[in-house]
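These notes concern the structure reproduced below.
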Amino acid sequence: MEEKKLGLRSVISVSVGLVIATSCLVSLGQGAGTIGIVFIFAMVIACLLNMTTIASLSELNALMPNTTGGLAQYTLASLGPFPTLISMVGGYLFCNVLSSGVEASIFAYAMGETIPLPIPNFVYTAVMTIILLIANLKGVDMFAKIQDAVAFLMVASMVIMGVIGAIGMGTGPKVVQPYYMTTDFSVIASMTAVAFWLFIGAEYVIPISKDVKNARRNVPLGMFLGLALICVVQSILVFGFHNYTDWGELANSPAPHLLYGVNLLGTPGKIWMAFVAALAVISSQNSGINGLSSICQGMAKMNMMPQCFAKTNKNGVPYIGVWFVSILILIFAFISNDSSDAISFFILVGSVFWMVSYIFAHIDVLVLRRRLPKAPRTFKVPFGPVIPMIGIIGTVYMILNISTDPVERHAIWLLTGAVFLLLSIYSFFWIKYKMKMSVFKSVPLEKVMAMEHSMYYIIRKRRGMCR
């Protein structure tokens, strides 16, 4: 048997990899600039809510270990193919490539501001995407090496920049301003929807759990540690923002990390934060390409996506998915290129899609506990149904308060509703005529687990059940 290659450090780096992204720095700047350092309380609430999701996903992974499709297979076993296809294509694939594309466009903007070469900013995005595409085609070992190094440099840079600002050791002039703009808890709680984006993506470890040493311990532990680490690092940055960046300018900046870097250390600070932006896009896009291609592979095994996504190259990489995700990232990066309004809007739209998928994770836990109460689980969320229910209620609250601007909030709901409607129509016909399954009937757990075996696909192909 091939030795598993990823330890706890790699699990944490993958968790941190998608969580710390340049788009997160935009949300961090907007949240802190709107209400001041009390935004940290909103961050803590959002972090705890995301930890409830991590707990639910860890239990699902313990019940169905080594599943490449992750949430897709959990939902298939609990709710059936219709909710699975909608939540995965909309809640995961669509929102992840959208957010990765937005992330890439923010990186390109930062590079264009820092290195004013006579080339379109989109060129930076294309070069970075091609490099990560090639790296991911090399397999999990190359992926892990990049992820470990980048995550360490990124977190270390953010901590240093945050500490310099928090203790007032920057070379720029300090800003005299209040620590907070409100103490109204309802206002702070409503900002959890903005803070939510700061902590999404830790679950990207799950699709690669089959490559993790001692996955029973390291997968849930690594995800929890990753979220806690991010909360601490970003809280330090908020104190730095207070000392060196005007709250109003911070809230309205398309690149608040660059604004902070310039105010803190001048041109060297700007270059340093551009370096952090580069690390962030490498980390998040590297995690995204790897995780999404694995999810596509798992869904192809279930005949929920074309079978080409299940094919692997000589390195065991689902290369069609790697190419597919990389191309979509480039498309969304091009759409949002150099537009701060589009970037902010797409971040919030992506949040709603991601929140919906998290709600499904909690529902899966509740359903499978009731249906299979005695099934062995190496990890189980404590306190019965309490934590999953808190996660569902908290996530619904964030969807209802996704933006403080009523016009933008309704636009976000309208767009996400339209996309889910189209996905519903597509899912119905795909399941009915391509998968030839009952649309809402759940699939037995043992059958979902069997889908991981290569012979399952071969037998179904021979019987003409998939093409």
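The table for this structure:
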quantity	calculated
Sites residue 396 and residue 163, calculated FRET efficiency, Cβ-Cβ separation with R0 41 Å, nearest 0.05	0.65
Relative exposure of 124, 397, 433, judged by other C-beta atoms within 10 Å (fewest first)	433, 397, 124
Cα long-axis angle, helix 39-63 against the chain (0 to 90 degrees, to the nearest 10)	20 degrees
Structure-based [θ]222 nm, the chain - -39500 (n - 2.57) summed over DSSP H runs of at least 4, per residue, nearest 500	-23000 deg cm²/dmol
Ranking of 246, 211, 364 by count of other Cβ atoms within 10 Å, fewest first	246, 211, 364
Relative packing of 171-184, 299-312, 276-289, which averages over residues the other C-beta atoms within 10 Å, highest first	276-289, 299-312, 171-184
Stretch in the chain that is longest and holds no GluC sites (Glu not before Pro) that DSSP places in a loop and that have at most 10 other beta carbons within 10 Å	4-467
Cross-link table 138/447; 210/314; 210/311, entries beyond 28 Å C-alpha to C-alpha	138/447
Nearest 10 degrees, 0 to 90: helix 406-429 Cα axis against the chain principal axis	20 degrees
Cα gyration tensor shape of region 333-448, rounded if a/c is under 1.5, else prolate or oblate by comparing a/b with b/c	oblate
Exposure proxy ranking, count of Cβ atoms within 10 Å, fewest first, for 421, 328	421, 328
Charged-residue dipole, Cβ positions (Lys, Arg, Asp, Glu), the chain about Cα centre, Debye nearest 20	2440 debye
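Coordinate-derived values only; no laboratory data. Everything numeric here is computed off the predicted structure, so don't read it as measured data. Cβ atoms come from the backbone with ideal geometry, glycine included; neighbour counts cover every protein chain shown.
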